[in-house]
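Following: one structure in structure tokens, then a few remarks.
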Ligand code: MOS
């Protein structure tokens, strides 16, 4: 690559549109004859709908229709049972979206939804994950296609023989994705063709799913997702809003806008599964791990299997001759869990990185040094060398910047008035994968260039990063490049997910730019445009499968009120190794965003489930707490220089998820250092810190 756009901070290309309110999100497009849909959630947990009384709703002025399983347009029973909405009377979880009211105003739709009367024949339900649930089973594999269990050496013998052991069980609750923009869609049918403006993480996959459900060729469906107000995984696939809006628009033969309410984000769009994780570590007197075992339990629904890869993090993070990981699942009468920022790695790292801290205390060595001593030379799981592994560099630089070396390891050794002060740290890793994609590059007679690819900017700055990469690949200043993304009519790419976006899209864009330059060498530009089109399927698929990960080291200082147990975070500092950084300003935001979400997980977030009710009782941001700016006084993200040519042409590893991994463990480890209390079930609430015995 030539030029110098990559590596420089540019403000987001659409920043002005966003801050001035002119950037249009999914339900902000003006459409003639628009109507509004409002979804109705099930009030039973498990059973059947026996009667739907639509009369009171239809009596509301402006209400046009009430759709339910008895009258909704038919969908093909496709590959995704979750999306087979309004097709059958079965209720599989409380809150399942079972009807839609359509009206000429939003207010009438809402009022109508309140008045729909639904009777159920409900049976007993099971909604609580327990370590001894009779329904526990071993899934065939875990997401996306990892082996369910792994074993190397003889864990039991290695563990029994070791002088130092840790055996601890960690629990994480359900976590709910709450992007600022809810799942929302404007759907319009014109002559049998469907146009949707939808909030998602990938227009092409949503288009493919709608084609399957509505039995249409993909060319008959256009999905536009120009601006998306966050997703975090929950919009990584077609979800209820887009299907309900399309069904409703077809039924009333008018365009429909449908946005899920904040309350409806707590279930129907998926959530991070609760986990119960037992971690056993054994080490010699020098802190070298001899045996590692991570047994993870999580849940899925009765609708379909979602098997989160909770223990996969432990397979490649630290070396040990005897290793075992297992996953067990139970089908409950709950909504299907789904992706949430670093699914698997994030809760898995909370358990392993907490256990490593417990081991450091047992052995009596520094937790940074413990991790350096156990850094593997090759991937312990696959036995192959990593494309690059700079965890140790992150640990060293993080320790230096944070001021770690002066730390007295004794818990409760620092006090500042009524505050107990402590520091903690954790390691972090996340896979650095890429997907195939298509793209075109066009040279125009006026000297400008156009890049087209169905990438999605979910608020990350992806549009700007692609623009920078494209400019360098074309060998022109970025001002001469125009980027078009977020539309299924553009060359197909997959979702913004798995921290794969920039690696995937830049790969295709660089190849398209190269192809265009070659074309222009043969046929110099005259009066008309010249376009080159590429698809990286073969090149990406043919890549050698060496283990590839981004790494990080997280450092946290907390203070805990000795009387009340209140936790305040003085500072958080992360150092990451994530390949080439395309745009330092947006990269820093991404990393800090991940760390902030990890802090939220450590201190606040918790879906509180009531088994009698069969659902979480906190369905809004008043009762489901998330972190705010006031929770942390200083938060910093840095990265080490890393050049890895094996990854992809841009040399990027992806930074969307690495920032959240390890954060919660670092906070919990700091709280332990401050107080001497080890919290093994998140969140770290003050009642857990002062009970059974007060800190003071
Ligand atoms: Mo992310 S959970 O892969 O969108």
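I'd like to compare 328-335, 491-498, 561-568, 214-221: which one has the highest average count of other Cβ atoms within 10 Å, and what's the full order after that?
Numbers: 328-335: 23.1, 491-498: 24.8, 561-568: 17.9, 214-221: 15.0.
Listed from highest to lowest mean packing, they are 491-498, 328-335, 561-568, 214-221.
Mind running the shape call on the chain? Use the C-alpha gyration tensor, a ≥ b ≥ c as the square roots of the eigenvalues: rounded below 1.5 for a/c, prolate if a/b tops b/c, oblate otherwise. Intermediate results must be reported in sequence, preceding the final value.
Values: a/c = 1.81, a/b = 1.18, b/c = 1.53.
Here the chain falls in the oblate category.
How many angstrom separate the Cα center of the range 273-325 from the Cα center of the range 1-49?
36 Å
At a temperature of 10 °C and a viscosity of 1.306 mPa s, determine how fast the range 282-345 diffuses translationally according to Stokes-Einstein, using the Kirkwood radius over alpha-carbon pairs as Rh; express D in µm²/s, rounded to the nearest whole number. Write out the running numbers ahead of the final one.
Details: Rh = 13.3 Å.
Translational D for this selection: 119 µm²/s.
For the range 64-146, would you read off the P(r) tail past 21 Å as a percentage of all alpha carbon pairs?
Values: 1788 of 3403 pairs.
Tail of the P(r) past 21 Å holds 53 percent of the pairs.
Place a point 7 Å from the Cα of residue 646 along the Cα-to-Cβ direction; which residues of the range 536-555 have their backbone N under 15 Å from it?
It comes to 543-551, nothing else.
Going out from 0 in 10 Å bins, what whole percent of all Cα-Cα distances in the range 438-521 drops into each bin?
Taking every Cα pair in the range 438-521, the percentages come to 20, 56, 22, 2.
Taking 0.36 nm per residue of separation and subtracting the Cα-Cα distance, what length does fully extending residue 286 through residue 19 add? Provide the component values of the computation, followed by the final result.
Details: separation 267, 0.36 × 267 = 96.12 nm, distance 5.47 nm.
Extra length from residue 286 to residue 19 when fully extended: 90.7 nm.
Separation between the residue 691 and residue 545 pseudo-spin-labels, each 7 Å from Cα along Cα→Cβ, expressed in nm?
4.9 nm
Can you pull the percent of Cα pairs in the range 536-592 with separation above 16 Å? Could the numbers behind the result be given before it?
Values: 1063 of 1596 pairs.
Beyond 16 Å sits 67 percent of the P(r) for the range 536-592.
Output the peptides 538-544, 86-92, 577-583, 401-407 sorted from most to least packed, where packing is the average of other Cβ atoms within 10 Å over each peptide's residues.
So the order, starting with the most tightly packed, is 577-583, 86-92, 401-407, 538-544.
Which distance in Å, rounded to a whole number, links the C-alpha centroids of the range 130-172 and the range 631-651?
Rounded to whole Å, the Cα centres lie 31 Å apart.
So what is the relative contact order of the range 267-334, in percent, for Cα pairs below 8 Å that sit 6 or more residues apart?
Numbers: 118 pairs, mean separation 22.4, N = 68.
The value is 33 percent.
How high is the relative contact order of the range 594-696, given as a whole-number percent (alpha carbon pairs under 8 Å, six or more residues apart)? Don't skip to the answer; put the middle values down first.
Values: 89 pairs, mean separation 40.3, N = 103.
Rounded, it is 39 percent for the range 594-696.
In what sequence, highest mean first, do 35-41, 378-384, 523-529, 687-693 appear when ranked by Cβ atoms within 10 angstrom?
Details: 35-41: 25.3, 378-384: 15.4, 523-529: 9.6, 687-693: 12.7.
Top of the packing list down: 35-41, 378-384, 687-693, 523-529.
For the range 373-512, take the alpha-carbon Rg, divide it by the Kirkwood Rh, and send me Rg/Rh. Intermediate values should be presented prior to the final figure.
Working: Rg = 22.2 Å, Rh = 18.8 Å.
That ratio is 1.18, to two decimals.
Suppose a student asked you for the relative contact order of the chain, using Cα pairs under 8 Å spaced at least 6 residues apart; what percent would you report? Present the calculation step by step, with values, prior to reporting the outcome.
On the way: 1833 pairs, mean separation 115.2, N = 696.
Averaging sequence separation for qualifying contacts and normalising by length gives 17 percent for the chain.
Would you kindly state how much longer the chain becomes between residue 372 and residue 156 on full extension, computed as 0.36 nm times their sequence separation minus their alpha carbon distance, in nm to one decimal? Mind showing how you got there, number by number?
Values: separation 216, 0.36 × 216 = 77.76 nm, distance 2.49 nm.
Between residue 372 and residue 156, full extension yields 75.3 nm more.
Can you put 644, 286, 489 in order of Cβ neighbours within 10 angstrom, beginning with the fewest?
Ranked by crowding around the Cβ, least crowded first: 286, 489, 644.
Using 1/(1 + (r/R0)^6) with R0 = 56 angstrom and r between the beta carbons of residue 610 and residue 482, what's the FRET efficiency to the nearest 0.05? Show your work: numbers first, answer last.
On the way: r = 53 Å, r/R0 = 0.94.
After rounding, the FRET efficiency stands at 0.60.
Going by the alpha-carbon gyration tensor, a ≥ b ≥ c the square roots of its eigenvalues, is the range 588-652 rounded (a/c under 1.5) or, if a/c is not under 1.5, prolate (a/b greater than b/c) versus oblate?
Details: a/c = 4.56, a/b = 2.06, b/c = 2.22.
In terms of gyration-tensor shape, oblate.
Read-outs throughout are calculated quantities, based only on the coordinates presented, and are distinct from any laboratory measurement. In this text, all values refer to a predicted model and were calculated from it rather than measured experimentally. Ideal geometry is used to build each Cβ from the backbone, glycine not excepted, and the neighbour counts take in all protein chains shown.
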